[in-house]
């Protein structure tokens, strides 16, 4: 059985709307994201320094300033390449950021990587293309593991959030209607549309903020 990939609507290159938003954000807040070539160089060094133990299925990785998920996406790809199941891989990846729209985009990007993977071939030798379905549990995981820590609630951002007792982090209660909506939209691909990704509404901000505390 061979792991292959298929292209979806998920944007591999930022749309003009998203890029414009990022440039404006950079001008106002100096926010900038680590480029993919540097992300992969760092992960290569981490792999070498840890003698590959960092990629064990039980190892968890957290990015305390994850932005829109550049590190998280590449980490997920590597975990899948190592043979981790999609749900197993997602459950060991954590991220925190102060901006709700960054968190939303990071969640969508992670789900798009899962959705792009499918298996071909079976015991009878027939070729099949079965897109990986996004389950409710996967949606729940990305909402609980990829968290917004807004400055209005956490003045020092992730430093404040991660200083909380372990039992009070990464365990937000996600409304069933949010899980149902994201599951539906992930599986009909509408979640990955450039236009939808670029939206910034009150509803989006509210559903991405950790409301546990």
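Since every read-out is calculated from the coordinates, none of them should be taken as a lab result. Quick caveat: nothing in here was measured; it's all calculated off a predicted structure. Backbone-built Cβ (ideal geometry, glycine too); neighbour counts: all protein chains shown.
Efficiency by 1/(1 + (r/R0)^6): what FRET value for residue 135 and residue 56, r their Cβ-Cβ distance, R0 = 22 Å, to the nearest 0.05?
Between residue 135 and residue 56 the formula returns 0.40.
Quick one: length gained pulling residue 167 to residue 82 fully straight, 0.36 nm per residue minus the C-alpha distance?
27.6 nm is the gain from fully extending residue 167 to residue 82.
Test of understanding: extend the Cα→C-beta vector of residue 47 to 7 Å, then name every residue of segment 68-91 with backbone N under 19 Å from that spot.
Taking a point 7 Å out along Cα→Cβ of residue 47, the residues of segment 68-91 whose backbone N falls under 19 Å are 70-86, 89-90.
Hey, how many Å between the Cα centroid of segment 148-175 and the Cα centroid of segment 26-69?
A separation of 20 Å, based on Cα centres.
Would you list 72, 151 from fewest to most Cβ contacts within 10 Å?
By the 10 Å Cβ count, ascending: 151, 72.
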